[in-house]
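Written out below as structure tokens is the structure these notes cover.
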Amino acid sequence: MTSTASAQPTSDKFRVFLVDDHAVFRAGVRAELGREVDMDVIGEAGGVGEAIAGINALRPQVVLLDVHMPDGGGVAVLNGIDSGPVCLALSVSDAAEDVIAVIRAGARGYVTKTISGTELADGVRRVAGGDAVFSPRLAGFVLDSFTGRSNVPEPPLDPELDSLTPREREVLRLLARGYTYREIAEELVISVKTVETHASNVLRKTQQSNRNALTRWAHRRRIE
């Protein structure tokens, strides 16, 4: 499934990018937001790789992000995109572990797919303006997590992995899958030379001597 983009949006509209692996749901969200005079859906994607490429190329203000998708889901998208867009998770799940995982990864809010079109549009405006947005009761999961009262375990500390930038993590993930530098460049819509630079940084930061050692290192951490 390929990402799509609309015509150049009007500059005074909120630029939104949709990420969900269900085309029918994306069409419904696009139709709902299309009724708002200050919204412009500039692109959409049904998978992690195309979402990262589309978001980095189109630079929306707000990303509406599904949580559960193949290849790492919403967290993988958050780890792979450049800084700039604000991400609002939009999911059928209201599980505490899902909410906390995407907020830890950088999402600005989390709403469930039972939300109305009007409420969703208001959520887009609010996160674009700097607010955090949550469906009822979900904010409690985040508060419990940051106050130490959550039953959801904290992720283990991994200084080497934590030292990587989101783009370096994405390059690492593709290297671990066996992609060539050229294939990574095509997947991320960057130059081969830029991939080489990221790969060199990854090797240095993870203290691995070569690509084979790096792949084994990544697999031990279940980075796939």
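The values are calculated or read from the model by the stated rules, or taken from the named source; none is laboratory data. From a predicted model like this one, the values you see are computed outputs, not experimental measurements. With ideal geometry, Cβ positions are generated from the backbone for all residues, glycine too; neighbour counts draw on all protein chains shown. We work out accessible area using only protein heavy atoms, side chains counted, and drop any ligands, DNA or RNA first. Shrake-Rupley method; radii C 1.70, N 1.55, O 1.52, S 1.80 Å.
Please enumerate the residues belonging to the stretch 148-188 that are open to solvent by less than 70 Å² (accessible area, probe 1.4 Å), modelled with pLDDT of 80 or more and among the acidic types (Asp, Glu). Matches in the stretch 148-188: Glu168, Glu170, Glu187. Residues that are within 18 Å of Arg167 (Cβ to Cβ) and among the hydrophobic types (A, V, I, L, M, F, W, C) were ranked within the stretch 87-106; the one that is modelled with the lowest pLDDT is Ala105. When restricted to residues that are acidic (Asp, Glu) and over 17 Å from Asp20 (Cα atoms), the stretch 85-119 contains 2.
Would you mention how many residues in the stretch 7-40 are buried (at least 17 other Cβ atoms within 10 Å of the Cβ) and within 17 Å of the chain's Cα centre (by Cα)? Counting residues in the stretch 7-40 that are buried (at least 17 other Cβ atoms within 10 Å of the Cβ) and within 17 Å of the chain's Cα centre (by Cα) gives 8.
Residue count for the stretch 72-114, restricted to those that are under 16 Å from Gly54 (Cα atoms) and not β-branched (Val, Ile, Thr): 11. Restrict the check to the stretch 200-216 and report whether at least one residue is among the basic types (Lys, Arg), part of a helix (DSSP H, G or I) and either in contact with a Gly (Cβ under 9 Å, 6 or more places away or on another chain) or surrounded by 13 or more Cβ atoms within 10 Å (Cβ to Cβ) (or both). Checked the stretch 200-216: at least one residue is among the basic types (Lys, Arg), part of a helix (DSSP H, G or I) and either in contact with a Gly (Cβ under 9 Å, 6 or more places away or on another chain) or surrounded by 13 or more Cβ atoms within 10 Å (Cβ to Cβ) (or both).
Only residues that are open to solvent by 20 Å² or more (accessible area, probe 1.4 Å) and of a type in the set (A, V, I, L, M, F, W, C) were counted in the stretch 49-68, giving 2. Residues satisfying the criterion are present in the stretch 69-78 (criterion: part of a loop (DSSP other than H, G, I, E, B) and under 18 Å from Tyr110 (Cβ atoms)). Taken over the stretch 20-35, the criterion of being under 15 Å from Glu50 (Cα atoms) and part of a loop (DSSP other than H, G, I, E, B) is satisfied by Asp20, Asp21, His22.
If the condition is being more than 21 Å from Gly34 (Cα to Cα), in a helix (DSSP H, G or I) and open to solvent by less than 40 Å² (accessible area, probe 1.4 Å), then the stretch 102-138 contributes Val102, Ile103, Ala105, Leu138.
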